[in-house]
1. Could you list all residues from segment B:107-128 that are open to solvent by 20 Å² or more (accessible area, probe 1.4 Å) and more than 14 Å from every other protein chain (Cβ to nearest Cβ)?
2. Suppose we filter segment A:298-319 for residues that are more than 9 Å from chain B (Cβ to nearest Cβ) and in contact (Cβ under 8 Å) with a residue 40 or more places away in the chain; how many remain?
3. Please identify the pairs in which a residue from segment B:375-404 that is in the same structural domain as B:Ser294 (by TED's automatic domain parsing) and more than 19 Å from A:Leu381 (Cα to Cα) has its Cβ atom under 7 Å from the Cβ atom of a residue that is among the small types (Gly, Ala, Ser) and assigned to a helix (DSSP H, G or I), counting only partners at least 6 apart or on another chain.
4. Could you grab me the full set of residues in segment A:214-234 that are more than 16 Å from A:Met130 (Cβ to Cβ) and in contact (Cβ under 8 Å) with a residue 40 or more places away in the chain?
5. So, in segment B:425-443, how many residues would count as being part of a helix (DSSP H, G or I) and either crowded, with 16+ Cβ neighbours inside 10 Å or touching a residue at least 12 places away in the same chain (Cβ under 8 Å) (or both)?
6. Anything in segment B:367-424 that is farther than 30 Å from B:Leu350 by Cα and outside any helix (DSSP H, G or I)? List them, or say none.
7. Report yes if some residue within segment B:295-310 is over 22 Å from B:Arg355 (Cβ atoms) and surrounded by fewer than 23 Cβ atoms within 10 Å (Cβ to Cβ); otherwise report no.
8. With respect to A:Arg246, determine if the residue is assigned to a loop (DSSP other than H, G, I, E, B) and open to solvent by 20 Å² or more (accessible area, probe 1.4 Å).
Number of protein chains: 2
Amino acid sequence: MNSAVDLPLGLADLAFAASGDALVRRTILPSGVRILSEHVPGSRSATLGYWVAVGSRDETEAVPGSLGSTHFLEHLLFKGTGTRTALDIAVSFDSVGGEHNAMTAKEYTCYYAKVQDRDLPMAVEVIGDMLTSSVLDPTEFENERGVILEELSMAEDDPADVANDRLFTAVLGDHPLGRPIGGRPETIRAASRDAVWRHYRANYRPRDLVITAAGAVDHDVLVAGVQRALDAAGWDRDEEAAPVARRSTTPATVQRSAGVVTVQRPIEQANIIIGLPGIVATDERRTTMSVLNSVLGGGMSSRLFQEVREKRGLAYSVYSFSGSYSDAGVYGLFAGCAPAKARQVTELMLAELHRLADGGVTPEELRRAVGQLSGGAALALEDSDTRMSRLGRAEISLGEFADLDESLRRLHLVTVDDVQELARDLAQRPVSVSAVGGVDDDVFAGLVS
Amino acid sequence: MNSAVDLPLGLADLAFAASGDALVRRTILPSGVRILSEHVPGSRSATLGYWVAVGSRDETEAVPGSLGSTHFLEHLLFKGTGTRTALDIAVSFDSVGGEHNAMTAKEYTCYYAKVQDRDLPMAVEVIGDMLTSSVLDPTEFENERGVILEELSMAEDDPADVANDRLFTAVLGDHPLGRPIGGRPETIRAASRDAVWRHYRANYRPRDLVITAAGAVDHDVLVAGVQRALDAAGWDRDEEAAPVARRSTTPATVQRSAGVVTVQRPIEQANIIIGLPGIVATDERRTTMSVLNSVLGGGMSSRLFQEVREKRGLAYSVYSFSGSYSDAGVYGLFAGCAPAKARQVTELMLAELHRLADGGVTPEELRRAVGQLSGGAALALEDSDTRMSRLGRAEISLGEFADLDESLRRLHLVTVDDVQELARDLAQRPVSVSAVGGVDDDVFAGLVS
């Protein structure tokens with residue numbers, strides 16, 4: 001896992017000071033399982049995550065019913081183990097008022113819980129059991145197929161979700177990151193219990209497992225609890241001692257599959273996203289990208305918000321975003337507006353992207369963006385969810401952990417020239433437009449070359 | 001203003017211990033403005049709210065363009081004062097990475113910000129200025145009309161939102177709480193700057209203003225800051241010294257306007273809500289209601305989740321909710337499912353409501369619900385947003401503040417008989433069904449008498 005980046009694998013234990021009074025510790029078990037924790041003094045609760053470094057991009061399009069199997073599996077892990085029924089699992093968390101859920105992403109799957117400090121050992125044990133010892137009962141499998149089809153239907157009824165899925169495919173073409181995370185109704189209908197079982201056994205293994213926790217956490221107690229939970233399931237070793245890199249961090253060559261993609265629907269708004277290839281997660285310009293995104297569409301004082309909403313009243317929701325993965329990324333600009341204004345809004349957003357490339361940012365904008373990002377980072381660390389996620393993403397996606405001080409140091413190094421240079425780079429990349437609503441391709445004719 | 005409930009108005013200052021180490025203090029200024037704060041030791045951030053006790057229910061249907069004017073006004077307060085432009089306001093918060101927003105509800109409007117401790121004085125000053133000294137510039141007014149129409153369009157494209165709005169009207173008939181918060185496109189198009197200005201001057205006044213803050217807050221500094229901000233705008237006194245009750249807390253007689261209401265749309269899911277008159281905010285059975293709702297549809301182990309999703313795979317999202325206001329409330333059961341299953345799912349949900357009334361809850365279910373609610377309450381207090389909101393709702397809606405210990409004491413007094421008695425009461429109230437999707441009224445024929 002990620003041996004392509006410089007992780008100190010093999011170190012038995014690594015401790016270093018993190019932001020404020022918190023302390024981050026990292027342990028690697030003999031099996032290769034990695035455990036990271038951040039103790040926050042004064043906290044009475046903890047957030048725990050079991051991260052598996054497998055996501056929708058790791059599915060094989062060639063296998064029928066494979067697409068969506070990572071997400072299907074995530075659902076099934078809640079449906080019972082050799083010693084716990086689905087109801088037992090639900091009751092464990094409900095009866096202590098804990099939050100308990102999971103998310104499937106393109107490059108990882110995360111099972112998490114937020115509980116009071118006294119309930120952390122329970123959460124470690126129950127999620128450990130779910131992850132290692134799920135039975136994938138055939139009857140539960142069929143019931144859950146129905147649940148997942150309803151989840152896909154719900155997403156299909158959300159026009160912004162649909163626009164986003166289509167945009168990724170348009171920008172990234174046939175790259176595996178371009179596929180929707182949950183699969184498609186036909187692949188979910190075709191999925192077999194045996195295929196999902198094989199996916200489970202092949203991908204859920206010690207070397208791909210990262211456990212992170214933040215808040216009222218004692219690292220040694222956490223490590224002992226994880227070991228108990230994993231050892232009980234025979235997860236105390238991994239066949240392959242030396243982890244192999246699952247993924248490359250070298251930017252892939254992506255080929256846009258469409259310049260314009262529209263889904264016509266009889267709804268009130270046109271949901272428009274302009275997208276282009278972004279930067280990879282480990283790109284050294286990632287801090288510059290945060291600044292650029294803050295200036296372009298990151299808040300109420302951003303250029304998109306001011307030009308599209310404040311000055312012209314054309315949209316309620318308008319913003320930009322950057323999505324980065326191991327070997328590809330997408331940069332996007334979103335607006336929801338009246339279909340009759342779709343072309344005007346798209347032109348305005350494209351113009352702002354080019355204005356940033358041609359004219360750069362002002363020192364005042366840079367100062368404001370740095371303030372926004374540093375203040376936001378400090379605020380986010382007030383809750384243990386953010387700290388838990390930060391540890392997981394650092395280990396799975398970045399291969400390094402930067403504490404608040406280090407993040408702020410990098411942020412203050414960004415110059416107006418850095419931002420303009422990145423904007424110029426982005427502005428000459430091939431652009432796609434995805435739109436859902438009362439619009440067709442002709443609305444965007446000539447806007448995208 | 002809630003003087004109908006037992007608020008210790010007139011006390012200059014009231015301090016009492018709150019949950020954990022936190023301390024709640026309350027001050028009433030000579031003008032009648034109320035200020036509540038909860039200091040949380042160790043916190044480095046604060047959440048601040050300016051609450052005005054006016055909501056959509058306080059609009060007058062008879063005045064053209066009145067419906068939605070509370071929400072319209074909320075937007076306009078971000079658009080500039082005598083000394084700050086809209087951009088100035090946005091920059092104030094963006095440049096320190098603060099969160100800054102507002103919400104309009106049926107019985108209040110709240111302007112809030114979450115900032116680092118050092119930025120709290122700025123937040124107190126800027127929101128105070130927005131609230132007292134907005135200019136409602138005519139050009140900004142026209143731009144914002146467009147923004148609000150887009151916000152309504154976005155909500156109209158969300159089938160669950162539409163089902164919820166229709167349900168409230170079906171259950172509460174022509175009671176003002178039955179109206180949608182944002183108004184309707186035609187009332188927003190008809191709204192005039194002068195009418196919104198009159199609404200502003202009539203309803204934004206010291207006696208209806210409550211300021212709450214939680215986290216890294218020094219009460220005396222907060223009070224001094226608020227006074228500075230309000231005095232500068234001449235808000236140091238209120239014409240009416242003795243506050244009059246804005247609202248009654250006696251349950252109103254509501255008359256259902258429809259048994260079944262459907263909005264046919266060519267979408268994947270049917271979004272179904274079963275609703276009936278609920279309890280008022282000050283009802284002494286409100287803790288029993290929380291328990292009942294937890295058992296029926298409050299988590300993964302709840303009856304609705306188990307029967308509709310886990311056993312049959314008919315829905316992804318299924319839950320129940322209780323909405324309580326000063327003189328009326330709505331209790332609801334929601335599911336999103338395939339249109340072909342809409343009748344079956346509705347029957348299942350109704351059956352669970354009646355099973356609760358007929359058979360009550362088991363001691364095990366009661367124990368689990370108490371655990372869920374008490375654990376959830378403890379977890380929620382980890383962030384200052386929840387504490388800030390709790391203070392505001394206590395002051396505006398409940399007229400009393402119950403700390404965690406008192407809430408837990410009440411929770412442990414709830415018996416299985418209490419829950420069954422409330423379930424019986426609810427089950428004999430007139431039921432309405434609201435559905436949006438590929439269904440028509442016939443689907444629900446005979447289910448609602």
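1. Narrowing segment B:107-128 to residues open to solvent by 20 Å² or more (accessible area, probe 1.4 Å): B:108, B:112, B:114, B:116-118, B:121-122, B:125.
Scanning segment B:107-128 gives B:Tyr108, B:Pro121, B:Glu125.
2. Step one: filter segment A:298-319 for residues more than 9 Å from chain B (Cβ to nearest Cβ), giving A:303-304, A:307-308, A:318-319.
Adding the requirement that they be in contact (Cβ under 8 Å) with a residue 40 or more places away in the chain leaves A:303-304, A:307-308.
Within segment A:298-319, residues that are more than 9 Å from chain B (Cβ to nearest Cβ) and in contact (Cβ under 8 Å) with a residue 40 or more places away in the chain number 4.
3. Listed pairs, sorted by first residue: B:Ala377/B:Ser407; B:Glu400/B:Ala394; B:Phe401/B:Ala394; B:Leu404/B:Ala377; B:Leu404/B:Ala378.
4. Once the filter is applied, which keeps residues that are more than 16 Å from A:Met130 (Cβ to Cβ) and in contact (Cβ under 8 Å) with a residue 40 or more places away in the chain, segment A:214-234 yields A:Ala214, A:Gly215, A:Ala216, A:Val217, A:Asp218, A:His219, A:Val221, A:Leu222, A:Val223, A:Gln227.
5. Going residue by residue through segment B:425-443, those that are part of a helix (DSSP H, G or I) are B:425-427, B:441-443.
In the following step, the residues that additionally are either crowded, with 16+ Cβ neighbours inside 10 Å or touching a residue at least 12 places away in the same chain (Cβ under 8 Å) (or both) were identified as B:426-427, B:441, B:443.
Residues in segment B:425-443 being part of a helix (DSSP H, G or I) and either crowded, with 16+ Cβ neighbours inside 10 Å or touching a residue at least 12 places away in the same chain (Cβ under 8 Å) (or both): 4 in total.
6. Passing the criteria: B:Leu381, B:Glu382, B:Asp383, B:Gly399, B:Glu400, B:Phe401, B:Ala402, B:Asp403.
7. Of all residues in segment B:295-310, those over 22 Å from B:Arg355 (Cβ atoms) come to none.
No, segment B:295-310 contains no residue that is over 22 Å from B:Arg355 (Cβ atoms) and surrounded by fewer than 23 Cβ atoms within 10 Å (Cβ to Cβ).
8. On the way: assigned to a loop (DSSP other than H, G, I, E, B): yes; open to solvent by 20 Å² or more (accessible area, probe 1.4 Å): yes.
Yes.
The values are calculated or read from the model by the stated rules, or taken from the named source; none is laboratory data. Everything quoted here is computed from the prediction, not taken from an experiment. Note that each Cβ is placed from the backbone with ideal geometry, even for glycine, and that neighbours are counted across all protein chains shown. To get the accessible areas, we keep the full protein, side chains included, count just its heavy atoms, and leave off ligands, DNA and RNA. Shrake-Rupley method; radii C 1.70, N 1.55, O 1.52, S 1.80 Å.
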